[in-house]
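The values are calculated or read from the model by the stated rules, or taken from the named source; none is laboratory data. Everything numeric in this text was worked out from a predicted model, so none of it was measured. Quick reminder, even Gly has a Cβ in these numbers, built from the backbone with ideal geometry, and neighbours come from all protein chains shown. Surface areas here come from the heavy atoms of the whole protein model, side chains and all, with no ligands, DNA or RNA. Shrake-Rupley method; radii C 1.70, N 1.55, O 1.52, S 1.80 Å.
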Amino acid sequence: MTLRAWWKDAPRARVPRAPARFRAEVLAEPGRAGVVAAAACAVLLSLAVLVTDPPYGTGDEPAHVDYAWQVWHGGLPVFEEGLAFRPAGAELPPVQWTAQHPPLYYLLVSWLVGPLADAGHPVAAVYAARVVNVLLAGAFVLVARWSAGRVCRPGSPLPQLAAMVAGTAAAVAHVGGAAFNDLVAALCVTTMFGAGATAIRRGLDLPLVAGLSLLMGAGALSRLSAAMTGAVIVAFVVAAAAVRAARGRGRWAPVVALAVGGPTTALAAAGWFYARNLALTGNLQGSHFDWAMANQLQRVARPVWQVVLDPVTWARLPDFFWWAGRVAPTSSYAATTLAVTSVLLLWIPLVLGLVPGAARVLRASGGLGRRLRRGGGAFTTGRASGKGGHGDRGLAGSGHGVGASAAGAHGVGASAAGAHGVGASAGGGARATAGASLPGAGRWVRAMLWTTLLVAVSVQVVYGANGGSLFPRYLLPVALPVFLGVAAGLARRPRLLVPLWGAVATANFVSFLVAELATPAKPGLYAEPTALAVAVGVLAVCGSVAATLAARRALSADPGRGAPGLARPAVPAGAGAGPA
């Protein structure tokens, strides 16, 4: 079949509209309260950061706002020319060191920043840009929940827990309450995870090809890291679709369409900008490492192996739960909070969820895993163990794992008659072929997640070896696999671990709030509204507690039946479930 014929005959009407599907999957009862509470928590925590951090309190924020102001006036910044918009009470950088970023985020906020700055209201301008990110933080949690639902089997508790983990993550709130460009890239890549998992499980169709291509273009226009990770996701989708077509389970036309359309859309959207970077700086990323090494004394080049073997790298880079503020990162307070959050909120849950046998070791030693199901790690895309017992959410054997379930279960991509998995088919013809399950789809999805994360981490390690700072927000676009891994660990025994995890996360935020408000603004610079910061901080604490309790309540059903509200509604015969 030719590409033109496939485009003409693509079954558009058989897929429910995207907003309706999104509401049915993400905001379904009774899991709705947990998802809404998680999104509201992200919004409240971001608002707390918004009012706690002084306007233009870092050298990055004035550069981001200046970028948006220059876009409003029809231009793009140049590194050597410095800032054109220079608020009197801001900590101004000596150069325009955000000029290497593509302009999508700045296009989104320029219509707010430009008029306010031109009217002589620089503080209102930065707060307006922050408010946009506050809303994006809430949207990010909803998208993370949707994509997690596409990665996991129906009935899995992991999407609900991943939403709670994302909603209380410090990295989300830090960029949600500041005028930074990270969340746009994170939204694009996180949505691509869900769309990519859908395409791998049920096959490509017109909406998925168009959606993945547009998301790849938007990601390339937001950050270079999003362009690279988006390319990895599209490569996995194309490879899986090619395998499906070669086995007679799908068509070649959508494979070719995505293989050509994805890169073409990205080049059309952002190729001109990276060509500009290359012309101005001699490299696609627009970096000026020579200037940074000569003028920023904290930057020290190291061999890659030193960065890899440095425990601080793995304590700091993936720790999305560390509330870092104006307190010096070399202080004992910062070191203590980093150690606590990386161990308690990140690595212990990851080990419980991902390392086979970890729960058994804890159970044998009388630890928290005393009543856990026997079996491997919770975060799995393999087959269920076949044992039908109803353990305490030992996900590998209970049907709650990430990926396809054993025959007869309601797994994603199940093709047996009556199964409610994505891609379940009834009847023959092209639709049944297009919706047929791809053998090993779960392994494809798992490989897509972890390969994308590995690529992003490798890029950051090389960046750190060249003297760059390692911030968790740089990995935010690929945070979904980490959130799911943490959720898998918490799902081992959610009645105990979820409240404990939430209590540590909330206490960490409270300590951040106290430390921030106790740190005075630098002389001559803008200061934060202290009273308002305290009031919003209290609301944010309530939001964090509410998100934790809502997640625990949503998972309080019989573990053998799965958490309520998490299974996707039955898909009509032959219908797809991919995003439009």
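Remarks
- Residue in the stretch 296-304 that is in a helix (DSSP H, G or I) and at pLDDT 90 or above present: yes
- Residue list for the stretch 194-224, filter: of a type in the set (Ser, Thr, Tyr) and crowded, with 24+ Cβ neighbours inside 10 Å: THR198, SER222
- Failed item in (1) closer than 30 Å to LEU50 by Cβ; (2) under 24 Å from the mean Cα position of the chain (by Cα); (3) at pLDDT 95 or above, with PHE273 passing the rest: (2)
- Filter pass, VAL304 being of a type in the set (Val, Ile, Thr), within 18 Å of LEU438 (Cα to Cα) and open to solvent by 20 Å² or more (accessible area, probe 1.4 Å): no
- Unique residue being in contact (Cβ under 8 Å) with a residue 12 or more places away in the chain, in contact with an Asp or Glu (Cβ under 6 Å, 6 or more places away or on another chain) and assigned to a loop (DSSP other than H, G, I, E, B) when the list is GLY325, GLY286, GLY250: GLY325
- Members of the stretch 460-480 that are over 21 Å from LEU338 (Cβ atoms) and modelled with pLDDT of 95 or more: PRO477, LEU480
- Here VAL260 meets the list (1) open to solvent by 40 Å² or more (accessible area, probe 1.4 Å); (2) modelled with pLDDT under 95 almost entirely, failing just condition (2).
- The stretch 69-80, subset out of contact with any Leu (no Cβ under 8 Å at 6 or more places or on another chain) and in a helix (DSSP H, G or I), residue surrounded by the most Cβ atoms within 10 Å (Cβ to Cβ): TRP69
- Subset of the stretch 482-527 (residues that are outside any helix (DSSP H, G or I) and open to solvent by 20 Å² or more (accessible area, probe 1.4 Å)): ARG493, THR519, PRO520, ALA521, LYS522, PRO523, GLY524, LEU525, TYR526, ALA527
Residue by residue, here is whether (1) assigned to a loop (DSSP other than H, G, I, E, B); (2) buried (at least 22 other Cβ atoms within 10 Å of the Cβ) holds:
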position	(1), (2)
LEU438	yes, yes
TRP444	no, yes
ALA447	no, no
TRP450	no, no
LEU454	no, no
VAL459	no, no
GLY464	no, yes
SER469	yes, no
TYR474	no, yes
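- Selection status of VAL255, hydrophobic (A, V, I, L, M, F, W, C) and touching a Gly at 6+ places or on another chain (Cβ under 7 Å): no
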